[in-house]
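Visitor: Sharing a structure with you now.
The values are calculated or read from the model by the stated rules, or taken from the named source; none is laboratory data. Quick caveat, the model's predicted, so the values are computed rather than measured. When we count neighbours, we look across all protein chains shown, and the Cβ atoms used for this are built from the backbone with ideal geometry, even at glycine. All accessible areas refer to the heavy atoms of the entire protein, side chains included, with ligands and DNA or RNA removed. Shrake-Rupley method; radii C 1.70, N 1.55, O 1.52, S 1.80 Å.
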Amino acid sequence: AQSVAQPEDQVNVAEGNPLTVKCTYSVSGNPYLFWYVQYPNRGLQFLLKYITGDNLVKGSYGFEAEFNKSQTSFHLKKPSALVSDSALYFCAPRIKAAGNKLTFGGGTRVLVKP
Amino acid sequence: IAGITQAPTSQILAAGRRMTLRCTQDMRHNAMYWYRQDLGLGLRLIHYSNTAGTTGKGEVPDGYSVSRANTDDFPLTLASAVPSQTSVYFCASSGETGGYNEQFFGPGTRLTVL
């Protein structure tokens with residue numbers, strides 16, 4: 001079965017420290033992988049995506065993610081977290097069996113403390 | 001208008017009542033989607049439309065219907081609301097249907113069914 005997992009419900013990090021939000025997936029074929037962020041009382045905003053090419057993908061607001069085919073992971077990272085990065089983060093692979101639709105993980109809440 | 005708008009922002013509804021959530025986009029995107037967001041479950045796809053005049057069922061379509069009379073509008077109707085439909089509803093659009101491009105999300109409608 002094709003699926004996505006975000007193993008951490010919440011990640012706490014001090015401002016200025018590195019931030020990692022984990023995502024593992026199980027999809028057939030070549031994966032298309034996306035990260036979205038949701039700030040309080042807002043809709044989701046696109047951060048970055050991996051379609052093909054370099055395994056390290058750079059996105060908005062200083063975020064990046066590394067596609068690891070052998071580990072079927074697509075972890076989101078930021079070298080130095082800001083308080084304003086506190087939000088809900090969603091990993092979303094494209095599932096071909098679902099008509100090329102995105103399947104969203106359960107989300108990881110990031111809390112960056114000053 | 002820039003992007004996607006949704007109306008109403010929030011609504012409290014008595015069980016058994018009919019309700020239509022409105023969604024309009026001005027980006028001339030072919031694909032549009034309706035999701036519901038529930039705590040701990042991420043976003044789940046209710047219905048989608050790949051182009052005007054066509055619609056399809058997502059992961060949780062029961063109790064909901066959609067129509068796509070034109071490119072810009074994609075209303076979601078609850079024919080007879082039930083308390084389990086209490087959720088935050090997001091409309092989204094994408095420029096293509098192959099899953100390559102990001103989706104753009106509206107601000108959401110918070111619906112409470114009593």
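Visitor: Sort out which residues of the stretch A:17-59 are open to solvent by less than 20 Å² (accessible area, probe 1.4 Å), modelled with pLDDT under 95 and in a loop (DSSP other than H, G, I, E, B), and write them in order of number.
Guide: Of everything in the stretch A:17-59, those that are open to solvent by less than 20 Å² (accessible area, probe 1.4 Å), modelled with pLDDT under 95 and in a loop (DSSP other than H, G, I, E, B) turn out to be A:Pro31, A:Gly43.
Visitor: Then there is this: Restricting attention to the stretch A:60-75, report how many residues are touching a Leu at 6+ places or on another chain (Cβ under 7 Å) and surrounded by 14 or more Cβ atoms within 10 Å (Cβ to Cβ).
Guide: 6
Visitor: Of all residues in the stretch B:4-19, which are open to solvent by less than 50 Å² (accessible area, probe 1.4 Å) and of a type outside the set (A, V, I, L, M)? Spell out the reasoning first.
Guide: Here is the first cut: in the stretch B:4-19, the ones open to solvent by less than 50 Å² (accessible area, probe 1.4 Å) are B:4, B:6-8, B:13, B:16, B:19.
Scanning the stretch B:4-19 gives B:Gln6, B:Pro8, B:Gly16.
Visitor: Moving on. Residue under question is A:Asn41, and the condition is that it be farther than 21 Å from B:Asn101 by Cα and not charged (D, E, K, R); does it hold? Working first, answer last.
Guide: Working: farther than 21 Å from B:Asn101 by Cα: yes; not charged (D, E, K, R): yes.
Considered against the rule, which asks whether it is farther than 21 Å from B:Asn101 by Cα and not charged (D, E, K, R), A:Asn41 comes out as yes.
Visitor: Of the conditions (1) assigned to a loop (DSSP other than H, G, I, E, B); (2) of a type in the set (A, V, I, L, M); (3) within 14 Å of chain A (Cβ to nearest Cβ), B:Val88 clears all except one; give me its number.
Guide: Unmet condition: (1).
Visitor: Quickly run through the stretch B:7-41 and pick out the residues that are within 14 Å of B:Asn70 (Cβ to Cβ), basic (Lys, Arg) and touching a Ser or Thr at 6+ places or on another chain (Cβ under 7 Å).
Guide: B:Arg28
Visitor: Further, regarding this structure: Being of a type in the set (Gly, Ala, Ser), within 18 Å of B:Gly98 (Cα to Cα) and either open to solvent by 10 Å² or more (accessible area, probe 1.4 Å) or at the interface with chain A (Cβ under 10 Å from one of its Cβ atoms) (or both) is the filter here, so list the residues in the stretch B:30-51 that pass it. Write out each step before concluding.
Guide: So the first thing to find is which residues in the stretch B:30-51 are of a type in the set (Gly, Ala, Ser), and the list is B:31, B:40, B:42, B:49.
Those still in the list that are within 18 Å of B:Gly98 (Cα to Cα) too: B:31, B:49.
Answer for the stretch B:30-51, where residues must be of a type in the set (Gly, Ala, Ser), within 18 Å of B:Gly98 (Cα to Cα) and either open to solvent by 10 Å² or more (accessible area, probe 1.4 Å) or at the interface with chain A (Cβ under 10 Å from one of its Cβ atoms) (or both): just B:Ala31.
Visitor: Just checking, does the stretch B:73-82 include any residue being of a type outside the set (A, V, I, L, M, F, W, C), without any contact (Cβ under 8 Å) to a residue 40 or more places away in the chain, more than 14 Å from chain A (Cβ to nearest Cβ) and in a strand (DSSP E or B)?
Guide: First, the residues of the stretch B:73-82 that are of a type outside the set (A, V, I, L, M, F, W, C): B:73, B:75, B:77, B:80.
Then keep just the ones that are without any contact (Cβ under 8 Å) to a residue 40 or more places away in the chain; that gives none.
No; the residues of the stretch B:73-82 include none that is of a type outside the set (A, V, I, L, M, F, W, C), without any contact (Cβ under 8 Å) to a residue 40 or more places away in the chain, more than 14 Å from chain A (Cβ to nearest Cβ) and in a strand (DSSP E or B).
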